[in-house]
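Trainee: For reference, the structure I am asking about is given below.
The values are calculated or read from the model by the stated rules, or taken from the named source; none is laboratory data. This is a predicted model, so every value here is computed, not measured. Reconstructed Cβ throughout: ideal geometry from the backbone, glycine too, with neighbour counts over all protein chains shown. Keep in mind that these areas ignore ligands, DNA and RNA; they rest on the heavy atoms of the full protein, side chains included. Shrake-Rupley method; radii C 1.70, N 1.55, O 1.52, S 1.80 Å.
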Amino acid sequence: MNTPSTSPYVTLISSDGFEFIVSRDAACVAGTIKKMLDPQSAGVVLEKVCEYLYYNLKHKDAKDVPDMEIPPELCLELLMAADYLHV
Amino acid sequence: MPARSLNKMATQACIKNIGSILDVGEAPYELVRPLLVKLQNPEQLRQIELNSRQICELDGEVWLQFIKRDVPNWDKKPHEPRNPNNWHKIYRKLCAESKRELEDDGAALKAEMDRIKNEQAKNTIHRVELNIVKVPEGMVSHGRTIKPARKPDLHDRVMQVPPNPNERVKRGLDGEGDRRRSTRTAAPPPTKGKLKLKQFRKEAKAIGHFSHQQQNRGQPGVWKAQDMRVKPVSVNQNIVTAPRCLIDEHRKPASPRPIDPSIKPPTVFAPRKRRIEHDATSSPVTSINEERENRLRAFTNPSSVKKSAPASNLPKSTPIPDRSNTHTSASTSAAAASLDQLFDEDIPMSSIENSTTLTIPKPPIATPIISPPETSARDSPASGYRIPRPNTSSPSNGGVRRTRPMKSKAPVDIFMPHPKRQRLV
């Protein structure tokens, strides 16, 4: 997923390599894309996701692993990201 | 994977912080459904609906959950909206209805309680001012209480004659006459019938009081404080005599005191005519006396000592009390002479030292035989006991009967250096 820096147009790239350049406003109709386009929010959420990925790998073989810490302000967005990522 | 999915972990984190969630954004209802069912505040749900419109249509089940919780008898009322978007309206309506019903029930209960309280209040006892109520006879109203017209004191009690049943009618009339004369009572003069009834009641009380007193304590003549608290007495009788009961009690013969059977009166023995016939079966008293005689003789006349020489002709008067009398003045030779004369009639008179005292022919008969030895405790064998005498006068000790015998001191015989206690059985 591309996250460009403050230009009126954004590029959306699919998983099979197709790119689509659309205006930012159009893309922000989708709340999920809008959040992903937010540099602050997107970065933090992505960072958490990466953390989770490592956390998962680390405890791959273990049992009864304590849950990862999730700050309350991120929990909803993290939920949405996890749902989106099927994680 | 042993670790939980991010989805689950994120959901858990959201539930933990559910109080602060007011917007789920574009998240689909299915995603946030586990979150919404955990909501406790319907107002919060409404906010989420407003912020995330996609929730409105599907959150009916959450509203139903609220209705079930907050509205009693929800299933008896129409609780499903035609438009699923209007679940919140249904909820509000039903809540208002239930609240109204609760208030109505509360008001009804309160009314019922007030009614019961009022009914109970009617049955309680209230104070009544005595101005309205008629004061009984012989009593005077003192504001909130009533008291007898005049407080009787001890003087009244002594002066009052307890009513005699035989004189009831007569007294009634006299009482009326007195009442007219006296001005002390504040009550109006009662009728004849009431007066008689009052007199009768007083008699009963007085008789009962006095008899009760005697039964319980048996101490006539002794007044206690509770006797001074007098029942209300009519003040109209100005009779000046002692109470009849006391008079009767004073006059009646004194009842003989019950004698304690364990107390035996001292045995008094009649004088023997011939003391020479003294033998082994004689009583110990005489032997003691003889011993004493001998010793006395030994003191006075050491030359002539005779043992067991009883006088042949003794005067009828017993030597015991006389000797006791003379023993007290035994220091004098005259006494010794008289003593010798008493007991040693066989002995010639020449043995007596002082012949001049022979002029005392006979010893003074101090006391008769039967009289109790009251002077010397030494001589009486059972000296600790007193012979009970009939009560010829008022008791000297206030009517207290001695229930136990007096403790007796050991009889001390001055003629015997080491007294042997020989008690008469």
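Trainee: Tell me which chymotrypsin sites (Phe, Trp or Tyr not before Pro) from region A:29-87 have a DSSP coil assignment and no more than 11 other beta carbons within 10 Å of their own.
Mentor: On the way: sites: A:52, A:54, A:55, A:84; in loops: none.
Here no loop site has a sparse enough neighbourhood.
Trainee: If you don't mind, there's one more thing I want to ask. How much length, in nm to one decimal, is gained on full extension between residue B:295 and residue B:415, taken as 0.36 nm per residue of separation minus their Cα-Cα distance? Present the calculation step by step, with values, prior to reporting the outcome.
Mentor: On the way: separation 120, 0.36 × 120 = 43.20 nm, distance 0.69 nm.
So the chain would gain 42.5 nm between residue B:295 and residue B:415.
Trainee: Let me ask another. Roughly what % of Cα-Cα distances in region A:40-87 sit above 18 Å, to the whole percent?
Mentor: On the way: 328 of 1128 pairs.
Everything past 18 Å amounts to 29 percent.
Trainee: Taking the Cα atoms only, what angle lies between the long axis of helix A:72-85 and the longest principal axis of chain A, rounded to 10 degrees?
Mentor: It works out to around 80 degrees.
Trainee: Additional query: Quote to one decimal, in nm, the extra length available between residue B:120 and residue B:262 on full extension: 0.36 nm per residue of separation minus the C-alpha distance between them.
Mentor: Values: separation 142, 0.36 × 142 = 51.12 nm, distance 6.96 nm.
Extra length available between residue B:120 and residue B:262 comes to 44.2 nm.
Trainee: Per residue of A:31-40, what is the mean number of Cβ atoms on other protein chains within 10 angstrom of that residue's Cβ? Write out the running numbers ahead of the final one.
Mentor: Numbers: counts 5, 3, 1, 2, 2, 0, 0, 0, 0, 0.
Shielding by partners across A:31-40 averages 1.
Trainee: Interface A/B, total buried accessible area with a 1.4 Å probe, nearest 100 Å²? Intermediate results must be reported in sequence, preceding the final value.
Mentor: Details: alone 6990 and 30070 Å², together 35170 Å².
Summing both chains' loss of accessible area gives about 1900 Å².
Trainee: Let me ask something additional. Take every residue in peptide B:20-27, count the Cβ atoms of other chains within 10 Å of its Cβ, and give the average of those counts. Don't skip to the answer; put the middle values down first.
Mentor: Working: counts 3, 3, 0, 1, 4, 8, 8, 7.
Mean inter-chain Cβ contacts per residue within 10 Å come to 4.
Trainee: Something else now. Assuming R0 = 25 Å, what is the FRET efficiency of residue B:18 and residue A:87, from their Cβ-Cβ distance, to the nearest 0.05? Please report the intermediate quantities before stating the final value.
Mentor: Values: r = 22 Å, r/R0 = 0.88.
After rounding to 0.05, the efficiency reads 0.70.
Trainee: Inverting the mean 1/r over all pairs of different Cα atoms, compute the Kirkwood radius of chain A and quote it in Å. Please list the in-between numbers first.
Mentor: Values: mean 1/r = 0.0687 Å⁻¹.
Taking every pair of different Cα atoms in chain A, averaging 1/r and inverting gives 14.5 Å.
Trainee: What are the ³J(HN,Hα) couplings of region B:40-52, residue after residue, when phi is run through the Karplus curve with 6.51, -1.76, 1.60 and θ = phi - 60°? Round to Hz, x for glycine and proline.
Mentor: Working through the residues one at a time gives 10, 10, x, 5, 5, 4, 4, 4, 4, 4, 5, 7, 10 Hz.
Trainee: In nm, what is the difference between 0.36 nm times the number of residues separating residue B:44 and residue B:250 and their Cα-Cα distance?
Mentor: Working: separation 206, 0.36 × 206 = 74.16 nm, distance 10.41 nm.
The residue B:44-residue B:250 span can extend by a further 63.7 nm.
Trainee: With r defined as the distance between the Cβ atoms of residue B:408 and residue B:207 and R0 fixed at 60 Å, what FRET efficiency is calculated, to the nearest 0.05? Each step should come with its number before you reach the end.
Mentor: Working: r = 45 Å, r/R0 = 0.74.
Calculated transfer efficiency: 0.85.
Trainee: Taking beta carbons within 10 Å but only from partner chains, what does the mean come to for residues B:69-82?
Mentor: Values: counts 0, 0, 0, 0, 0, 0, 0, 0, 0, 0, 0, 0, 0, 0.
For this peptide, the per-residue mean of nearby foreign Cβ atoms is 0.
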